[in-house]
Amino acid sequence: MASLVRYCLTQSAHHGLPDDPAIATGSCFPDLIGARRLPGLTLRVTTALPRFRLRDAYEAVGLASPLSPAGDAELRALGGTRLAELVSATLCTGPGFAGNHADVVRGRRVAAHLAQAVGLRPRDLALPLGITETAAARLSSRSVEKADLGAVRVRVALEGAVATRGRVALTVRGSPLAHYDAFA
């Protein structure tokens, strides 16, 4: 049990996959650090593994801990399309914000709220969210969970950290598993 988290986080390298373990779709790392929110998911890692420390997860994926949530300038620099993509990844809405299911509407509200908070215009989000400018403006005034906003900011910081680190060397128990470029 003590090595389970590291084992899970290093599976892409173990199997020779080019995915970065910090942001791979199947990685649990975003869940562990609060960069992904799934409805109803409650992690009880520390209950099952009382000696687990988050720094061990950071180490397993080759990142220094802890990441600070991205600030307004970082979010603004993303632009509407990339912000929408990262909201989708954080809240697991699926690509394109298609339909009007509760998870899609939640994602649109979060994206619109963040966009307004950082100075992006409703028209910057309309196309990526699949809605009109008027709808984007209206959504920015709707309530959202602070935890959702925070998770997106952590996700942006995570993506930035992965993008800027270049080559990653992963090790398990001191022996190198793989070397690869992030986003290869």
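Data for the structure
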quantity	calculated
For Leu49, net neighbour charge (Lys/Arg +1, Asp/Glu -1) across residues whose Cβ lies under 13 Å away	+3
Average accessible surface area per residue within the chain, 1.4 Å rolling probe, Å²	53 Å²
Rounded to 10°, Cα long-axis angle of helix 146-164 versus longest principal axis of the chain	60 degrees
Label assignment, semi-axes √(5λ) of the Cα gyration tensor in Å derived from the structure, set [x] 35, 18, 13; [y] 32, 17, 14; [z] 30, 17, 16	[y]
Packing rank of 3-10, 45-52, where each peptide gets the mean count of other beta carbons within 10 Å, highest leading	3-10, 45-52
Percent carbon-and-sulfur accessible area, the chain, ignoring ligands, DNA and RNA, probe 1.4 Å	54 percent
Per-peptide average of other Cβ atoms within 10 Å, ordering 156-165, 81-90 highest first	81-90, 156-165
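The values are calculated or read from the model by the stated rules, or taken from the named source; none is laboratory data. Keep in mind it's a predicted model, so treat the numbers as computed, not measured. Every residue, glycine as well, gets a Cβ built from its backbone with ideal geometry; the counts of neighbours run over all protein chains shown. Surface accessibility is based on the protein's heavy atoms, side chains included, excluding ligands, DNA and RNA. Shrake-Rupley method; radii C 1.70, N 1.55, O 1.52, S 1.80 Å.
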